[in-house]
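S.K.: Okay, handing you the structure first.
The values are calculated or read from the model by the stated rules, or taken from the named source; none is laboratory data. Keep in mind that this is a model prediction, so the values were computed, not measured. Cβ placement follows ideal geometry from the backbone for every residue including glycine, while neighbour counts extend to all protein chains displayed.
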Amino acid sequence: MEMDPSLREEAETGHIDALHVLIGEDPYILERIDQVPFVDTPFHVAADKGQVSFAMEMMNLKPSFAKKLDSNGFSPLHLALRSAQTKLVFRLLKADKDLVRVKGWEGMTAFHYVVTTGNSRLLVNFLEACPECIEDVMVRDETALHLALKEDQIEAFNLLIGWLQRTRRIHDRVFSLEKKMANWKDDQDNTLLHIAAKKKQNDACSQLWLHVKGKDSENLTALQIIKYANRRGVNTSTNEEVDTKIKLLKGKVMFSGGRSNKAQHVGGHDQHDAGDYGSRYNSNLPIVVKSTG
């Protein structure tokens, strides 16, 4: 379905008064668009062009457009992120925090997209506004942590780990979530440590203590990947570091560090910058449960 050319023009230029005139002339102009499951709406056009006021009027008049995907599988928030329309991103986040969880093609949410770009400021704001967004999984069973490692966004990975560790001390539920995510496997049976070992991400490897016996699609444990790479002379780390890493992984490691009884507010915007979470990361606090072997 092609959008009315006049409506598209007003969305591109941000003319709200002209939008109202078009609606007055044809009260069903927006309703007809909404009947199509995957379609380019005036909201999508305004989001892509950064027309903040027009986009927010769309949010007011037709909130269903905010969660509708266009023919390319993008929501308005996806498009605003892709076009670096940061002001609009924050306005949409303020209006409806759950927009960060709208899934596009292959299950990629706006939060997942931010992880792949490594934008620490947006990552922190999304987490504070909608903590549940870290639980969303893509169609290939990839979590945000998997994506961060696969896209070599180590800073984003560290930030996610730091956020989990910080909120662990505030919310008991995060404690079990952290264990679940740390041992989560994608559709190739890769845990986080499998990915880090295969990509020779030394810092991430040293931070991850996972189930020793977990195997990927090639029937290899993360330990076997690390040791095999070392035998081949691949510089994943020194022999001494590998030996130390293996000892740590083989040990029956429990969560440590305790939990604070002092509740802290988590939910406002711009309360923390990325450094606040990154600096809270403590490599001495393992993020997984003890090994089963």
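S.K.: Find the residue count for the range 114-139, including only residues that are touching a Gly at 6+ places or on another chain (Cβ under 8 Å), of a type outside the set (A, V, I, L, M) and not in a helix (DSSP H, G or I).
M.R.: So the answer is 1.
S.K.: Consider PHE65 carefully, then state whether it is of a type outside the set (Lys, Arg) and either touching a residue at least 40 places away in the same chain (Cβ under 8 Å) or out of contact with any Pro (no Cβ under 9 Å at 6 or more places or on another chain) (or both).
M.R.: Answer is no for this residue.
S.K.: Among the residues of the range 122-172, count how many are among the acidic types (Asp, Glu), in contact with a helix residue (DSSP H, G or I) (Cβ under 8 Å, 6 or more places away or on another chain) and over 19 Å from HIS78 (Cα atoms).
M.R.: 1
S.K.: Just one of the numbered conditions (1) at pLDDT 55 or above; (2) buried (at least 18 other Cβ atoms within 10 Å of the Cβ); (3) part of a helix (DSSP H, G or I) is not true of LYS179; which one?
M.R.: The one condition LYS179 does not meet is (2).
S.K.: From GLU132, GLU151, which residue is within 22 Å of LEU193 (Cα to Cα), of a type in the set (D, E, K, R) and surrounded by fewer than 24 Cβ atoms within 10 Å (Cβ to Cβ)?
M.R.: Among GLU132, GLU151, only GLU151 is within 22 Å of LEU193 (Cα to Cα), of a type in the set (D, E, K, R) and surrounded by fewer than 24 Cβ atoms within 10 Å (Cβ to Cβ).
S.K.: Could you list all residues from the range 56-70 that are surrounded by fewer than 18 Cβ atoms within 10 Å (Cβ to Cβ) and within 16 Å of THR109 (Cα to Cα)?
M.R.: LYS67
S.K.: Taking only the range 140-159 into account, find how many residues are in contact with a Gly (Cβ under 7 Å, 6 or more places away or on another chain) and in contact (Cβ under 8 Å) with a residue 40 or more places away in the chain.
M.R.: Here the count works out to 4.
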